[in-house]
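The values are calculated or read from the model by the stated rules, or taken from the named source; none is laboratory data. It should be emphasised that the depicted structure is a prediction, and the values quoted were computed from it without experimental measurement. No Cβ is skipped: glycine too gets one built from the backbone with ideal geometry, and neighbour counts run over all protein chains shown. Heavy atoms of the whole protein, side chains included, go into the accessibility calculation; ligands, DNA and RNA do not. Shrake-Rupley method; radii C 1.70, N 1.55, O 1.52, S 1.80 Å.
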Amino acid sequence: MSTAPGFPAVPPTDHYATLAEIPLPATPPQVIFVDAVGTLFGIQGSVGAIYAAIAAEFGIEASAPALNSAFFASFQSSSAAAFPGVAAAEIPQQEYRWWRAIAAQTFQRVGLLDQISDFEALFTELYHHFATATPWYLYPDVIPTLQSWLAQGIPLGILSNFDSRLYTVLEVLGLRPYFATITISTEVGSAKPQPQVFQVALAKHQCPAAAAWHIGDSLREDYVAAQMAGLRGIWLNRPE
């Protein structure tokens, strides 16, 4: 395992394979923030398989592994999903355009974009599909752990670089009642690993950074970013 230059190494005691393994100290944190995708729930199969299945509905034959690789290359090369200065009413449209560009680039990378006669219809179906329960699955440790933390009086919040579809996903997966706050990069105008998104989440709980935890599956955007923002960062290194 390696870290980017200037990033602290992960202490052995601060990375775990499941939420259930994370011990609470005698004095628990004032709030625990968690990431969403890869922390609370994951993708059924792969993004590429979902892209391929929906493309097939439009008469396009595509390799799921190739689409999966193309998607992650497109996603990683994109700008952050944050729209500073954009009015709240315009954010859903900005989110749609941001993901549309990634999807178009994904199909372009595998040489299929020009073969899709109605890309707008295909993408619209893709976009709404990921707002349903179908493409997601809950990790088995999530609900028992969230219940345990709440039973001990610890407020919980979500801090994610997702978009506003997250509200619907949390509802359909039965997760929404567990969280007092939800902080999303597209609504804040700043994405992890930038500190502003952590500051916004902390302000909702009137909690100092040193009294809060943030748990997530990204070494850079969750663990390192939280540490640099003054929270205790915990890396959730789930086995694949």
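Sorted by accessible area (1.4 Å probe), largest first, how do D35, D114 line up?
Of D35, D114, the descending order of accessible area is D114, D35.
Taking the Cα centre as origin and putting +1 on Lys and Arg beta-carbons and -1 on Asp and Glu beta-carbons, what dipole magnitude results for the chain, to the nearest 20 debye? Can you show the working numbers first?
Numbers: 10 positive and 19 negative charges, 119 e Å.
The dipole of the chain has a size of about 580 debye.
Could you order K192, K204 by accessible surface area, starting with the largest, using a probe radius of 1.4 Å?
On the way: K192 10, K204 100 Å².
Result, largest first: K204, K192.
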Cα-centred dipole magnitude for the stretch 27-140, charges only on beta-carbon of K, R (+1) and D, E (-1), debye, nearest 20: 280 debye
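Lys and Arg at +1, Asp and Glu at -1: add these up for the other residues within a Cβ distance under 14 Å of F71 and post the number.
On the way: positive: R100, R109; negative: none.
Once positives and negatives cancel, what remains is +2.
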Got a number for carbon plus sulfur as a percent of the chain's accessible area, 1.4 Å probe? 55 percent
Taking the Cα-to-Cβ direction at T132 and at L113 and moving 7 Å from each Cα, how far apart do the two end points lie in nm? 2.7 nm
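Just by accessible area at a 1.4 angstrom probe, what is the order of H214, H129 from largest to smallest? Could the numbers behind the result be given before it?
Details: H214 0, H129 45 Å².
These residues rank, largest area first, as H129, H214.
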Between Q94 and A203, take the C-beta separation as r, use R0 = 35 Å, and let me know the FRET efficiency to the nearest 0.05. 0.90
Probe 1.4 Å, all protein chains in place: accessible area of Y178 in Å², nearest 10? 40 Å²
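For A81, what charge total do you get from the other residues with a beta carbon under 9 Å from its beta carbon, if Lys and Arg give +1 and Asp and Glu give -1? Could the numbers behind the result be given before it?
Numbers: positive: none; negative: E95, D163.
It works out to a net charge of -2.
What's the Cα-based Rg to Rh of the stretch 88-181, Rh via Kirkwood? Can you show the working numbers first?
Working: Rg = 17.1 Å, Rh = 15.7 Å.
So for the stretch 88-181, dividing Rg by the Kirkwood Rh gives 1.09.
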Going by alpha carbons, how many degrees (0 to 90, nearest 10) lie between the helix axis of 142-151 and the longest principal axis of the chain? 30 degrees
Can you give the angle from 0 to 90° between the axis of helix 64-77 and the longest principal axis of the chain, with both taken from C-alpha atoms, to the nearest 10? 60 degrees
Relative contact order (%) - the chain, alpha-carbon pairs under 8 angstrom, separation at least six: 29 percent
Antiparallel bridge percentage (DSSP; both residues within the chain; nearest 5): 15 percent
Enumerate the whole-percent occupancy of each 5 Å bin, from 0 to the last occupied one, for all C-alpha pair distances of the chain. 1, 6, 13, 17, 19, 16, 12, 8, 4, 2, 1, 0, 0
So, over other residues within a Cβ distance under 14 Å of P92, counting Lys, Arg +1 and Asp, Glu -1, the net charge is -1
